[in-house]
Amino acid sequence: MGKIVGALLVPHDPVMYVAPDAPPQAQRDTVWGAFRTCSERLKALAPTTVIIVGCDHYILFGPECLPSYLIAIGDVDAPVDQLPGLKRAVMYNNEALASHIAEHGRGDGFDWAVARAFTADHSIAIPQQLIVEPLRAAGMDVKTVPVYLACSVDPYISFKRAAELGAQLRKAVAAFPDNERVVVIGSGGISHWVGSAQMGRVNEGFDREIIGYALNGDLAGLCGLSNEYILENGGEGAMEIRNYACAMGAVPGARGELLAYEAVPAWVTGLGFIQLHLE
């Protein structure tokens, strides 16, 4: 029987790769160090599979097809949007578990879109490279299942459905016959404005509010935020906190621990790192 043993909430800021020296040294050290800490925390959980919940940025899917939620069940590589220091590489998918999640969902009222071949974008590739790959480099056999939620481009998946998907992931993993130890990573946020005159603005007050929901396990509070409130206070990029709702839904009652937070206008984002503890 499978088991979800923990979760992490992390950013996926591509500007870290495009302009690595832009912020002050202390901020750079904190953010890169936080990714290393997340990798160490992941290693301590001894996972066999990591589910990374990411999103599209109008890179994976164009206007002709915008799925609400999707799971990759076959060959995976990433990222489609290659960056300096982030080149496309194979990701080792747990195809058996991913297919089981999709099949289990269909029997439980969740009609997953599936991808038999999938090239993820930076929302999955960055946590994969910085958090999961160090475990593989150390000799651990850790696979990755990419999950996509529609939370960067309208129409957005609802918070309620994102949280329900997290709960469905938990049920599906528990019903898997093999002894998988699974960690869920919610990838995104926090405040950032994309492609507008406010790009570069970071709202630390909003970021701290979102962090508070995670630390307190207040999934209902997070899911109670309106799109209008998020767009006004956190920007278009903050719609990605739906990925947090999904991860929190997978670990109900988890205690949050803030590993690091930095408001980094030079990287156009408020960057938070949280571990969700089940024990």
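Taking the stretch 173-192 as the range and being modelled with pLDDT of 95 or more and either part of a strand (DSSP E or B) or buried (at least 24 other Cβ atoms within 10 Å of the Cβ) (or both) as the test, the residues that pass are Val173, Arg181, Val182, Val183, Val184, Ile185, Gly186, Ser187, Gly188, Ile190, Ser191, His192. The residue that is nearest to Asn233 (Cα to Cα), among those in the stretch 194-212 that are open to solvent by less than 70 Å² (accessible area, probe 1.4 Å) and part of a helix (DSSP H, G or I), is Phe206. If you go through the stretch 87-99 and keep only what is open to solvent by less than 30 Å² (accessible area, probe 1.4 Å) and of a type in the set (Gly, Ala, Ser), you end up with just Ala98. Taken over the stretch 57-86, residues that are open to solvent by 40 Å² or more (accessible area, probe 1.4 Å) and among the aromatic types (Phe, Trp, Tyr) amount to 1. Gly105 meets all of the listed conditions (1) crowded, with 21+ Cβ neighbours inside 10 Å; (2) part of a helix (DSSP H, G or I) but one, namely (1).
Is there any pair linking a residue in the stretch 20-45 that is of a type in the set (D, E, K, R) to one that is open to solvent by less than 90 Å² (accessible area, probe 1.4 Å), with Cβ under 6 Å and at least six apart or on different chains, and which? Listed by first residue and then by second, the contacts come to Arg41/Gln275; Lys43/Leu135.
Residue count for the stretch 263-274 satisfying the condition of being open to solvent by 10 Å² or more (accessible area, probe 1.4 Å) and either in contact with an Asp or Glu (Cβ under 8 Å, 6 or more places away or on another chain) or under 16 Å from Arg36 (Cβ atoms) (or both): 2. Of the residues Leu165, Leu130, Leu169, the single one that is modelled with pLDDT of 95 or more, buried (at least 18 other Cβ atoms within 10 Å of the Cβ) and closer than 16 Å to Glu240 by Cβ is Leu165.
Which one is most open to solvent (accessible area, probe 1.4 Å) among residues in the stretch 1-53 that are in a helix (DSSP H, G or I) and small (Gly, Ala, Ser)? If we take residues in the stretch 1-53 being in a helix (DSSP H, G or I) and small (Gly, Ala, Ser), then Ala44 is most open to solvent (accessible area, probe 1.4 Å). Each residue in the stretch 59-102 was checked for being of a type in the set (A, V, I, L, M) and either part of a loop (DSSP other than H, G, I, E, B) or within 12 Å of Thr119 (Cβ to Cβ) (or both), and 10 pass. In the stretch 213-252, what residues are outside any helix (DSSP H, G or I) and closer than 28 Å to Val173 by Cα? Asn216, Gly217, Asp218, Gly224, Val251, Pro252, listed by residue number. For the stretch 46-88, the set of residues classified as closer than 26 Å to Met140 by Cα, without any contact (Cβ under 8 Å) to a residue 40 or more places away in the chain and among the hydrophobic types (A, V, I, L, M, F, W, C) is empty.
The values are calculated or read from the model by the stated rules, or taken from the named source; none is laboratory data. Source: prediction; values computed, not measured. Quick reminder, even Gly has a Cβ in these numbers, built from the backbone with ideal geometry, and neighbours come from all protein chains shown. SASA here: full protein model, heavy atoms, side chains in, ligands and nucleic acids out. Shrake-Rupley method; radii C 1.70, N 1.55, O 1.52, S 1.80 Å.
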